[in-house]
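The values are calculated or read from the model by the stated rules, or taken from the named source; none is laboratory data. Being a predicted model, the structure only gives us computed values, none of them experimental. Cβ atoms come from the backbone with ideal geometry, glycine included; neighbour counts cover every protein chain shown.
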Amino acid sequence: MKRYSILICLVSLLILSCGGDKAQKIKISWWNFWTDANIKPVVEQIVADFERQHSDVDVELVDLTWADGHDKIAIAFSSGSGPDVVELGSDWIPEFSSTAHLMDITDIIDNDRDRYLMWDPAVYQDRVYAFPWILGTRILFANKDLLSQAGTDPEFSPKTWDDLYSASKTINDQGDDVFGFGSNSAERHRLYKKFLPFLWSNGGSILSDDGKSCRLDSPEALEALQYYLKLCETGLTDTQRRLEDAFLDGKIGFVISGDWLLKRIDREKPGFNFSTHLIPVPHEGYHSISFAGGEYLAVNAQSPHKELALELIKHICSPENQILFCLKNRTANPSSIAAASDTAFLAQPHFDTFIMQLETSRMSPAHPRWVYIEGKLEKAVESALYKAKTPQQALIDAKNDIDELLKP
């Protein structure tokens, strides 16, 4: 009986030991925005591969949406919780790094600085707080059939503002069922990205060089807004999604969009007759400047597993995983230089336009209050677009509001 009892104890200890190993798995969480059914399996595949390499780790994926993701992250950080790894839009990083919510990775990524693009948005007070993952810019898409129907050479490439306006008006004049240009309505985090290329290409800026004052009352800003409104009059104003729907339905001649539209064309309209172009400039001799954004990965400063979280980030951002992710997602601008120069990218139609545009694109000013500054800018464009204010008054009011935000 004594031997039997000892045997039972040994078996019980073995069972508890096995169960204990399973229970001792380290759990880390990654909050991300990739909920699309076509790309989510790739995200899960990348995570599963990391878990295979780290058999003692479980990675929890938590989905966010662009509609309320920023607010959820802000609430989580302010309550002292939040994920181990978080995906951030490039213009959100200064807000969270300035409040000490993100881990300082400056001294850990020295070997990575020359292998990845666009670190600037991740830098706050000369320290690095996030890792660049997926970049992106906006270019001009043109419907070649509508150009032809309007009597314009379908191979026409608008180089200047006058070129774009003239071609858009010619298409718009063809009838009530077609529009020249697709302009964004008031959409949070979207409208300002369509106006900034015209502002920047015209030599304007949002903030002064020292970031202490707003420059939206400049002649360059007013000229850019006046042109943008004039261009909008030649077309349809709607949400980004509906503008792209109308473009694919053959109802809009020109629309500014990102590489996600390439994916839609491949999936929904594989025979669609279109071309891609750099953002037109005010006059010959000016530089085409578009808006650049990106998805960045950061470690929560309160995470108990910082080293492991950073390992996960480097795994996600590795060249091979960026190639896997970007080709599946039809994304033209990985942050990895090695991935961007891969022959698989160079062979993709229209990727060259995005690569060329990214070389002269800009990101939003790296300011801790940028999310609120962009709101004032969008309000100004919206009020002028819907004729609630004159362009000049809209910009002056935005300048005054933003100057208040910039006060220490």
Exercise. When residue 74 is evaluated against the numbered criteria (1) in contact (Cβ under 8 Å) with a residue 24 or more places away in the chain; (2) crowded, with 16+ Cβ neighbours inside 10 Å; (3) more than 17 Å from residue 134 (Cβ to Cβ); (4) of a type in the set (Gly, Ala, Ser), which criterion, by number, is the only one it fails?
Worked result: (1)
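Yes/no per residue for (1) under 30 Å from residue 405 (Cβ atoms); (2) of a type in the set (Phe, Trp, Tyr):
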{"position": "155", "(1), (2)": "no, no"}
{"position": "163", "(1), (2)": "no, no"}
{"position": "167", "(1), (2)": "no, no"}
{"position": "176", "(1), (2)": "no, no"}
{"position": "184", "(1), (2)": "yes, no"}
{"position": "192", "(1), (2)": "yes, yes"}
{"position": "208", "(1), (2)": "yes, no"}
{"position": "227", "(1), (2)": "yes, yes"}
{"position": "237", "(1), (2)": "yes, no"}
Problem set entry | Residues satisfying the stated conditions in segment 205-253, i.e. among the small types (Gly, Ala, Ser), in contact (Cβ under 8 Å) with a residue 24 or more places away in the chain and touching a strand residue (DSSP E or B) at 6+ places or on another chain (Cβ under 8 Å) | 213, 235, 246, 250, 253
For this session: Return a yes/no flag: does segment 103-110 have any residue that is polar (S, T, N, Q), touching a strand residue (DSSP E or B) at 6+ places or on another chain (Cβ under 9 Å) and farther than 28 Å from residue 345 by Cβ.
Result: yes
Problem set entry | Hits in segment 103-153 - residues which are of a type in the set (Phe, Trp, Tyr), at pLDDT below 95 and either within 21 Å of residue 257 (Cβ to Cβ) or outside any strand (DSSP E or B) (or both) | 119
For this session: Report yes if some residue within segment 173-195 is buried (at least 23 other Cβ atoms within 10 Å of the Cβ) and free of Cβ contacts under 8 Å to residues at least 60 places away in the same chain; otherwise report no.
Result: yes
For this session: Test residue 141 against the criterion of being hydrophobic (A, V, I, L, M, F, W, C) and closer than 30 Å to residue 88 by Cβ, and give yes or no.
Result: yes
Exercise. Taking residue 169, is it of a type in the set (Lys, Arg) and at pLDDT below 95?
Worked result: no
